[in-house]
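Just below is one structure, and these are the notes that go with it.
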Amino acid sequence: MRVLIAPDKFAGTLTAVQAAEAIATGWRRQAPDDELDLAPMADGGPGFVDVLHAALGGSLDAVTVRGPHGTPVPAVVLRVGETAYVESAQAAGLHLVSGSPETASSFGVGELVSAAVDGGAHTVVVGLGGSGTTDGGAGLLAALGATSDGVLDGGAAGLASVTSVDLAAARSRLSGVDLVAASDVDNPLTGLFGAAKTFGPQKGLAEDRIAEVDGWLESFATATDRRTSLEKGAGAAGGIGYALLVLGAAREPGIGLVTDAVSLAERARAADLVVTGEGAFDFSSRAGKVPYGVAGVASEALRPCIALAGQVLVGSREMRALGIESAYSLVELVGEERALGAPGDALADLAQRVARTWSR
């Protein structure tokens, strides 16, 4: 039997590569004769550059950029021909936030884009997702030369004083460069489904501060480009998607970009079963996340798709709406303590058990 293993990262515990290897280890214990094809995936968030490097080759250039609170952090630019790939989470990821989420800035993401341009890239693809910022991408714009009557690089809180923004220098900096925003979400910048309301709590924004932060983002949008703030993907990565869009970026779902890069459709057609996974499998997985994207590819190839996850938070009806035949929970099998303490071993054990049902 041929099995395509295409998981996302298990956030906070396993990278996509480690997750794929753990699933393969457990599967082989139960079905050593099965042919396994490992295709680690990403949706634009953490792991985006690593997955593309493994699939496309190219060179990795090490750079140092400003973290969310000003501390220098290491990052890389992946260069493949005249295209450069960068990952916003490396410069502004949630794991880098060490102070108030209201002052976390995306400035370092702009520095990453700048480094890519300085290296001669004609196309710069920015993976969005996993950010700890909610500054509307103002920091990114500042790093590329945008100016304002207020503070662009002070996080969301800095936007309180912004009434006008001049993007001329930033747009000039990117003259002749095609920008691509690889977005894992469809949310607009502001409002009920905006960056602050939808993703603020997971970044540490207190519930009673969300309306204030959303108001700052509204003011910032009014000072730059209100219409663009309503577009799909503007709320990605705390609004970094918005900043890229106002600079003329094309938006492309991150999962689609990675799917093409790893030739997932072709590999799914050669498989009998497709296995995907992520840390928490819930209905938000429909918003451009890896399991939904992989399941779509499997469906087009007329192959069944199953999911292994840290937690499964949807019922069978919702699961099938996402294109998944069955989903299996790590926490239910081994308990939360072991799932977090020894995630690789635990995932291998889950894969072994699942293979008893699905391998011929």
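Okay, here's what the table says:
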{"read-out": "Strands (runs of 3 or more DSSP E) enclosed by region 48-130 - at least 3 residues per element that are over 13 Å from the mean Cα position of the chain (by Cα) and among the β-branched types (Val, Ile, Thr)", "value": "59-66, 72-80"}
{"read-out": "Subset of region 1-47 that is in contact with a Lys or Arg (Cβ under 7 Å, 6 or more places away or on another chain) and part of a helix (DSSP H, G or I) - its residue that is surrounded by the fewest Cβ atoms within 10 Å (Cβ to Cβ)", "value": "Gln30"}
{"read-out": "Looking only at region 167-191, and only at residues there that are more than 21 Å from the chain's Cα centre (by Cα) and assigned to a loop (DSSP other than H, G, I, E, B), the one that is farthest from Asp135 (Cα to Cα)", "value": "Gly176"}
{"read-out": "Residue within region 297-314 that is out of contact with any strand residue (DSSP E or B) (no Cβ under 9 Å at 6 or more places or on another chain) and either of a type in the set (Lys, Arg) or within 23 Å of Gln18 (Cα to Cα) (or both) present", "value": "no"}
{"read-out": "Pairs with Cβ under 6 Å, 6+ apart, first in region 17-40 and without any contact (Cβ under 8 Å) to a residue 60 or more places away in the chain, second of a type outside the set (A, V, I, L, M)", "value": "Val17/Pro40; Ala20/Pro7; Ala20/Pro40; Glu35/Arg2"}
{"read-out": "Enumeration of residues in region 298-322 that are part of a loop (DSSP other than H, G, I, E, B) and either at pLDDT below 90 or of a type outside the set (A, V, I, L, M, F, W, C) (or both)", "value": "Arg303, Pro304, Leu313, Val314, Gly315, Leu322"}
{"read-out": "Members of region 225-245 that are within 22 Å of Gly129 (Cβ to Cβ) and in a helix (DSSP H, G or I)", "value": "Thr228, Ser229, Ala236, Ala237, Gly238, Gly239, Ile240, Gly241, Tyr242, Ala243, Leu244, Leu245"}
{"read-out": "Tabulated pairs, region 182-206, first assigned by TED's automatic domain parsing to the domain that holds Ala237 and farther than 14 Å from Ile240 by Cβ, second at pLDDT 95 or above and part of a loop (DSSP other than H, G, I, E, B), C-beta under 6 angstrom, 6+ apart or interchain", "value": "Gly200/Thr134"}
{"read-out": "Failed item in (1) surrounded by fewer than 18 Cβ atoms within 10 Å (Cβ to Cβ); (2) on the phi < 0 side of the Ramachandran plot, with Gly204 passing the rest", "value": "(2)"}
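Residues are listed down the side, and each one gets a yes or a no for (1) touching a Phe, Trp or Tyr at 6+ places or on another chain (Cβ under 9 Å); (2) buried (at least 17 other Cβ atoms within 10 Å of the Cβ); (3) modelled with pLDDT of 95 or more; (4) closer than 14 Å to Ala104 by Cβ:
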{"residue": "Gly191", "(1), (2), (3), (4)": "no, yes, yes, no"}
{"residue": "Ala195", "(1), (2), (3), (4)": "yes, yes, yes, yes"}
{"residue": "Gly215", "(1), (2), (3), (4)": "no, no, yes, no"}
{"residue": "Arg227", "(1), (2), (3), (4)": "no, no, yes, no"}
{"residue": "Leu230", "(1), (2), (3), (4)": "no, no, yes, no"}
{"residue": "Gly241", "(1), (2), (3), (4)": "no, yes, yes, no"}
{"residue": "Leu247", "(1), (2), (3), (4)": "no, yes, yes, no"}
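The values are calculated or read from the model by the stated rules, or taken from the named source; none is laboratory data. Here the structure is a predicted model, which is why all the values come from computation and not from measurement. Note: ideal-geometry Cβ built from the backbone for every residue, glycine included; neighbour counts use all protein chains shown.
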